[in-house]
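The values are calculated or read from the model by the stated rules, or taken from the named source; none is laboratory data. What you see is a predicted model; the values in this text were computed from it and never measured. Every residue, glycine among them, receives a Cβ derived from its backbone with ideal geometry; neighbour counts consider all protein chains shown. Quick note on the areas: whole protein, heavy atoms, side chains included, nothing else; ligands and nucleic acids left out. Shrake-Rupley method; radii C 1.70, N 1.55, O 1.52, S 1.80 Å.
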Amino acid sequence: MLRIFFIALLILTSSAQVSAEKILFIPHDDRPVCFQQPVEVVSQLGYKIISPPIELLTQPDELWIWFNENARKAKVAVVASDALLYGGLIPSRSHQIPVEILDARVENFKTLRQNNPSLQIYAFGSLMRTPQSGTPGDIEEPDYYGQYGADIFQLTRLLDKQETSELSKEEKIYLDTLEKNIPDEILDDYFARRLKNLLATKKLLDLTNENFINCFIIGRDDNSPLSQTHRENVILTNHIKELDIPKTKAQSHVGIDEYAMLLLTRAVNDITHEFPAVYVEFNRGKGAKTVPAYSDEQIADSISDEIFIAGGLPTSNPKKADLVLLANTDRKGKTFHTHNSFPPQILTAKQQKYLNRNAEYFATLVEDAVNKNLPVGVADITFANGSDNFLMTHLRDKNLLFKLQSYAGWNTATNTSGFALGAGILAKKMSRASKDRLLATRYLDDWAFQANVRTQIADELSKLPDGLQIYLNLGEYESEIVSRENLLMKNFAAKNLPRWKNFTVSNTWHRMFECEINFAER
């Protein structure tokens, strides 16, 4: 009886400790996948997430005041350096902030640590992306990128290649043409901002080396093997090597939007002193050697890095894993963009047959792992910005959707794998009801909205003269489009996710690219 009493006391004490733990979290913006959804995952475990008012995310100086005032309330802080330096991820790409102000904001990390010596600070920031083209009206790049974006990308691609190998005669002529065609003031603005951001990032690495920051992850967003992002990454990775900072403390990693989920998972694992084991398996074919769109490295290397960022360890034995992460890659290593083009691309009958076979095989891998009672997470990366409809149909028909630990199929491959990894690690400690709610969010967002409803509405808008502008900025049509979204989402859920009826959809950034899923209280 005494032994039972002490065991019960231990359980109660442990439960009270977890529920009392607080994690301070500053995201790089308020998109649901970067803010609301990672917080929802961690909150299911009883942790209290302390975050600033949304309006402060774009006001670095006021955000630093908030950070200093709240730092003593938590053991761990997961913070976006882009918010604290530039006012967010998007402002980091178009700001005009003087170097002196950026230097002072970087130094704030040192002061905050000195005033809060026991606070664990996990920071993440971005290495400026290099999109392969620009779209007029896109809020995510400077205005001139809409006209000159493709040329700027090609220019930096050739500059990158020139530094690693020899350009052909034709490439030298093309490089010279690009340099003449892009106005000097545009190139000056573009490269000057990148240099300021690069220098600030190097200083953050210095602070990490000096233990003012416990962990700093640099994100290579929308990257490719030859680009300005790749050029700058060489500089940063060399700096990490020179400082001899271990991978568990500093990394340059493909992606950015998944870091909130990964580092919040790291915070939980460090609080509980756990190192979860992760087993990874890929679909047949190219699998682990796939280099996805928006990346400059093989997906196996990216996922390996993400395991360390989350505070986990790789294992070769699925039976000993806390998470078995299965990655749905294309057999030939291709990334399909059907759900992320305007107007949407149309799959041929041959492509549909091919993709269905690919998905059918992968679904058997999932089914086999689930039948072995393994904790399965699925990273669905065959398509960019949305689920593989063929796979989801097979998982639905096999009644596997709500037998998983985690699922993700949104945005880039590493965004997807990082979210599935972090959520999957934490889901092991959750009730089945909590897991199901989190899975339902992903299915409604990644499968229903991104892979189907958004695609259908994009097709409808493409028939209008100003359809692309409406797609990028809903403006006066927002109410009408949101009503259309909700109708289509309800119809989709009734057919594929009948348990989930009480939800609404909204567009927090007033565009079609992402949505927010809101469940009604039951």
Testing the spin-label approximation: label points 7 Å from Cα along Cα→Cβ at Ile139 and Lys180. State their distance in nm. 3.9
Given axes a ≥ b ≥ c from the Cα gyration tensor, I'd like to know whether region 66-117 is rounded (a/c under 1.5), prolate (a/b larger than b/c) or oblate. oblate
Where in region 331-354 is the amide nitrogen less than 16 Å from a point lying 7 Å along the Cα-to-Cβ axis of Leu464? 342-344
So which helices of the chain fit the span-like rule, where a helix is a whole DSSP H run, its Cα atoms reach 20 Å or more along the axis, and its mean Kyte-Doolittle is at least 0.5? 2-20, 413-427
Which percent of the accessible heavy-atom area of the chain goes to carbon and sulfur, probe 1.4 angstrom? 53
Please find the FRET efficiency linking Lys501 to Leu45, where r is the Cβ-Cβ separation and R0 is fixed at 25 Å, and quote it to the nearest 0.05. 0.40
Count charges around Leu119 for me, please; just the other residues with Cβ under 15 Å from its Cβ, Lys/Arg as +1, Asp/Glu as -1. +4
With +1 on each Lys and Arg Cβ and -1 on each Asp and Glu Cβ, and nothing else charged, work out how big the dipole of region 89-202 is about its Cα centre, in Debye to the nearest 20. 640
Taking Cα centroids, how far is region 438-515 from region 213-267 in Å? 33
List the trypsin sites (Lys or Arg not before Pro) within region 335-381 that DSSP assigns to loop and that have no more than 13 neighbouring Cβ atoms inside 10 Å. Lys372
His239 accessible area, nearest 10 Å², 1.4 Å probe? 30
Would you kindly state how much longer the chain becomes between Ala520 and Lys428 on full extension, computed as 0.36 nm times their sequence separation minus their alpha carbon distance, in nm to one decimal? 30.6 nm
Rounded to 0.05, the calculated FRET efficiency for the beta carbons of Asp189 and Asn68 at R₀ = 41 Å is 0.80
Using every alpha carbon pair in the chain, what percent of pairs falls into each 20 Å bin from 0 up to the bin containing the largest distance? 22, 57, 20, 1, 0
Taking the Cα centre as origin and putting +1 on Lys and Arg beta-carbons and -1 on Asp and Glu beta-carbons, what dipole magnitude results for the chain, to the nearest 20 debye? 2600
Counting just the Cα atoms, what span does region 215-336 cover along each of its three principal axes? Round to the nearest Å and put the largest first. 40, 38, 23
Only Cα pairs under 8 Å and at least 6 apart count here; give the relative contact order of the chain as a rounded whole percent. 11
Order 488-494, 185-191 from most to least packed using the mean count of other Cβ atoms within 10 Å. 488-494, 185-191
Accessible area per residue in Å² at 1.4 Å probe, computed on the chain: 42
Given the pairs Lys22/Lys289; Lys161/Lys247; Lys350/Lys463; Lys48/Lys495, which span a C-alpha to C-alpha distance of over 32 angstrom in this model? Lys22/Lys289; Lys48/Lys495
Within the chain, the percent of DSSP beta bridges that are antiparallel, given to the nearest 5, stands at 10
How many nm separate the modelled label positions at Arg437 and Glu107, each set 7 Å beyond the Cα in the direction of the Cβ? 4.6
